[in-house]
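Engineer: Let me begin by handing over the structure; questions about it come next.
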Number of protein chains: 2
Amino acid sequence: MSVVLQKSVLEQAREDFIAQWGALGTAWGINRTMAQIHALLLVSPDAVSTDEVMDSLEISRGNANTNLREMVGWGLARSVLKKGDRKEFFEAEKDVWKIFCIIARERKKREIEPASQVLKNCEINTKDLGSAEAKAFNQQMADLSEFVSLASSVLEKIATSEESKIMPKVLKLFH
Amino acid sequence: MSVVLQKSVLEQAREDFIAQWGALGTAWGINRTMAQIHALLLVSPDAVSTDEVMDSLEISRGNANTNLREMVGWGLARSVLKKGDRKEFFEAEKDVWKIFCIIARERKKREIEPASQVLKNCEINTKDLGSAEAKAFNQQMADLSEFVSLASSVLEKIATSEESKIMPKVLKLFH
DNA sequence: TTATACTTTCAATATTTACTGAAACTTCAA
DNA sequence: TTGAAGTTTCAGTAAATATTGAAAGTATAA
């Protein structure tokens, strides 16, 4: 006779969310484990210990530790102490706007700023050349550079704003 | 006695751009080769053949072919025929705004829409549960879902607009 | 101190993703 | 037709990334 532990609908939904969010992390340039831990913390009512993360996601201690640290570094999680317990516990930032700002800033830093730098260098290095071909190249770099800089400053502006101040403006884009 | 072929400043700048753009591609979730081919086409005055891509970037025929096809699929490149030549040549879309729109649409499709779907499912599956914990989970999913949908429609709106119509509005975000 | 609970590190390994190159396929001119 | 020019495919391999697990490091209570 076998005993089947029935998962509640809620438990099932939590697990689905964690699995799917992990898969999506990849598309976002975030490694699977980090995205899964993020999902786990997001849907956990209480702060979670490293061991609970290891057990839930069936990952090694090293992996859990590294990714939790990185999340704390990003500001996506914070460590909290429970009285009478020596372990560290972690809880996620749950405010959607704040999560968005953190990710936007991180991506800007990792993706946009290096691109911007490359373009500016290429532009500067060809500024004084005289041939038509060189002028075309220089112009191409200038166009790209200007656009990327603009994108960067728009993102910066949005990601450092209060939600209540910027959202009405964004919604107006649809006039 | 050795002969040194001196690279012109322009050639050097082109090569730098290609190498760097390739490295950045990775951060953008675009594979290195595709980003390099894109860079090569962007800075080539004339349309380029598969063999020229292979030679310039020192990559295999298979790799060149696959990535060129994919770029055509995205709309980042088009194939052109030169009269008197049986080969296909490729040229890049060079308009920065159009490039942006293409990448935005592609990323929306690959990254935002799947996320949105996951969130909606999780929300629906827990809609009717009664416990406080379930209600909190459901609310979390609803918040995320709403935000992602909004982001998606803003991106859609921007990426399908004429540059001249949307840019003034975007610039106004800075009031 | 020292034993214990807990955290961090990192070399070895596994997994995922990209690339090669040669064979199969297609197209077209003679 | 045939064959030369060009293109596509894909099994095998290489490169990049993520993960493990055990050893070393820290902090705390006794």
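The values are calculated or read from the model by the stated rules, or taken from the named source; none is laboratory data. Nothing here was measured: the structure is a model prediction, and the numbers come from that model. Quick reminder, even Gly has a Cβ in these numbers, built from the backbone with ideal geometry, and neighbours come from all protein chains shown. Note: accessible area is taken over every heavy atom of the protein model, side chains too, but ligands, DNA and RNA are not part of it. Shrake-Rupley method; radii C 1.70, N 1.55, O 1.52, S 1.80 Å.
Engineer: Within the stretch A:35-56, how many residues turn out to be more than 14 Å from DNA strand C (Cβ to nearest atom) and surrounded by 16 or more Cβ atoms within 10 Å (Cβ to Cβ)?
Structural biologist: Step one: list which residues in the stretch A:35-56 are more than 14 Å from DNA strand C (Cβ to nearest atom), which gives A:38-46, A:56.
Cutting the leftovers down to surrounded by 16 or more Cβ atoms within 10 Å (Cβ to Cβ) gives us A:38-44, A:56.
Residues flagged as more than 14 Å from DNA strand C (Cβ to nearest atom) and surrounded by 16 or more Cβ atoms within 10 Å (Cβ to Cβ) within the stretch A:35-56 amount to 8.
Engineer: Could you check how many residues of the stretch A:101-134 are open to solvent by 40 Å² or more (accessible area, probe 1.4 Å), among the aliphatic types (A, V, I, L, M) and part of a helix (DSSP H, G or I)?
Structural biologist: The first filter runs over the stretch A:101-134 and keeps only residues open to solvent by 40 Å² or more (accessible area, probe 1.4 Å), leaving A:105, A:109-110, A:113-114, A:117, A:120-121, A:124-125, A:127-133.
Going one step further and asking which of them are among the aliphatic types (A, V, I, L, M), we end up with A:124, A:129, A:132.
If we keep only those that are part of a helix (DSSP H, G or I) too, we end up with A:124, A:132.
Residues flagged as open to solvent by 40 Å² or more (accessible area, probe 1.4 Å), among the aliphatic types (A, V, I, L, M) and part of a helix (DSSP H, G or I) within the stretch A:101-134 amount to 2.
Engineer: Out of A:Ala13, A:Ala19, A:Ala64, I need the residue that is of a type outside the set (S, T, N, Q), crowded, with 21+ Cβ neighbours inside 10 Å and away from DNA strand D (no atom under 12 Å from the Cβ). Which one?
Structural biologist: The match here is A:Ala13.
Engineer: Report whether or not A:Leu41 is more than 16 Å from A:Arg78 (Cα to Cα), in a helix (DSSP H, G or I) and either in contact with a strand residue (DSSP E or B) (Cβ under 6 Å, 6 or more places away or on another chain) or at the interface with chain B (Cβ under 8 Å from one of its Cβ atoms) (or both). Before you say what the answer is, go through the steps one by one.
Structural biologist: Numbers: more than 16 Å from A:Arg78 (Cα to Cα): no; in a helix (DSSP H, G or I): yes; either in contact with a strand residue (DSSP E or B) (Cβ under 6 Å, 6 or more places away or on another chain) or at the interface with chain B (Cβ under 8 Å from one of its Cβ atoms) (or both): yes.
So A:Leu41 does not fit the description; no.
Engineer: May I pose another question? Does A:Asp95 qualify as being open to solvent by less than 70 Å² (accessible area, probe 1.4 Å) and among the acidic types (Asp, Glu)? Can you show your working first?
Structural biologist: Numbers: open to solvent by less than 70 Å² (accessible area, probe 1.4 Å): yes; among the acidic types (Asp, Glu): yes.
The answer is yes for A:Asp95.
Yes/no matrix, rows are residues, columns are (1) over 20 Å from B:Leu40 (Cβ atoms); (2) among the basic types (Lys, Arg):
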position: A:Gly84; (1), (2): yes, no
position: A:Lys87; (1), (2): yes, yes
position: A:Lys108; (1), (2): yes, yes
position: A:Pro114; (1), (2): no, no
position: A:Ala134; (1), (2): no, no
position: A:Gln139; (1), (2): no, no
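Engineer: Any residue at all in the stretch A:128-139 that's over 15 Å from the mean Cα position of the chain (by Cα) and closer than 14 Å to A:Met34 by Cβ? Full working, then the answer.
Structural biologist: Keep residues of the stretch A:128-139 that are over 15 Å from the mean Cα position of the chain (by Cα), which gives A:128-139.
From what is left, the residues that are closer than 14 Å to A:Met34 by Cβ are none.
Within the stretch A:128-139, not a single residue is over 15 Å from the mean Cα position of the chain (by Cα) and closer than 14 Å to A:Met34 by Cβ.
Engineer: Another one. Inside the stretch B:35-61, can you point out the residues that are touching a residue at least 24 places away in the same chain (Cβ under 8 Å) and within 8 Å of DNA strand D (Cβ to nearest atom)?
Structural biologist: Those that are touching a residue at least 24 places away in the same chain (Cβ under 8 Å) and within 8 Å of DNA strand D (Cβ to nearest atom): B:Ser49, B:Thr50, B:Asp51.
Engineer: Cβ-Cβ distance below 9 Å, separation of 6 or more or different chains: which pairs start in the stretch B:20-34 with a residue that is in contact (Cβ under 8 Å) with a residue 24 or more places away in the chain and more than 10 Å from chain A (Cβ to nearest Cβ) and end on one that is part of a loop (DSSP other than H, G, I, E, B) and among the β-branched types (Val, Ile, Thr)?
Structural biologist: Listed by first residue and then by second, the contacts come to B:Thr33/B:Ile59.
Engineer: Need the failing condition index for A:Lys108 against (1) away from DNA strand C (no atom under 16 Å from the Cβ); (2) at positive phi; (3) charged (D, E, K, R), just the number.
Structural biologist: Going through the list (1) away from DNA strand C (no atom under 16 Å from the Cβ); (2) at positive phi; (3) charged (D, E, K, R), A:Lys108 breaks only (2).
Engineer: Okay, moving on. So for the stretch B:144-157 (the condition being buried (at least 16 other Cβ atoms within 10 Å of the Cβ), facing chain A (nearest Cβ under 9 Å) and polar (S, T, N, Q)), does at least one residue qualify?
Structural biologist: Looking for residues that are buried (at least 16 other Cβ atoms within 10 Å of the Cβ), facing chain A (nearest Cβ under 9 Å) and polar (S, T, N, Q), one finds none in the stretch B:144-157, hence no.
Engineer: Please name all residue pairs, on different chains or six or more residues apart, with Cβ atoms under 6 Å, provided the first residue is in the stretch B:145-163 and is over 18 Å from B:Pro114 (Cβ atoms) and the second residue is of a type in the set (Val, Ile, Thr).
Structural biologist: Taking only residues 6 or more apart or on different chains, the pairs are B:Ile158/B:Ile166.
Engineer: Name the residue that is farthest from the other protein chains (Cβ to nearest Cβ), counting only residues in the stretch B:5-15 that are part of a helix (DSSP H, G or I) and over 21 Å from B:Ala64 (Cβ atoms).
Structural biologist: Start the filter on the stretch B:5-15 by keeping residues that are part of a helix (DSSP H, G or I), which leaves B:9-15.
Narrowing the set further to residues that are over 21 Å from B:Ala64 (Cβ atoms) leaves B:9-10, B:12-13.
Details: B:Val9: 6, B:Leu10: 5, B:Gln12: 8, B:Ala13: 5 Å.
Residue satisfying both the conditions and the ranking: B:Gln12.
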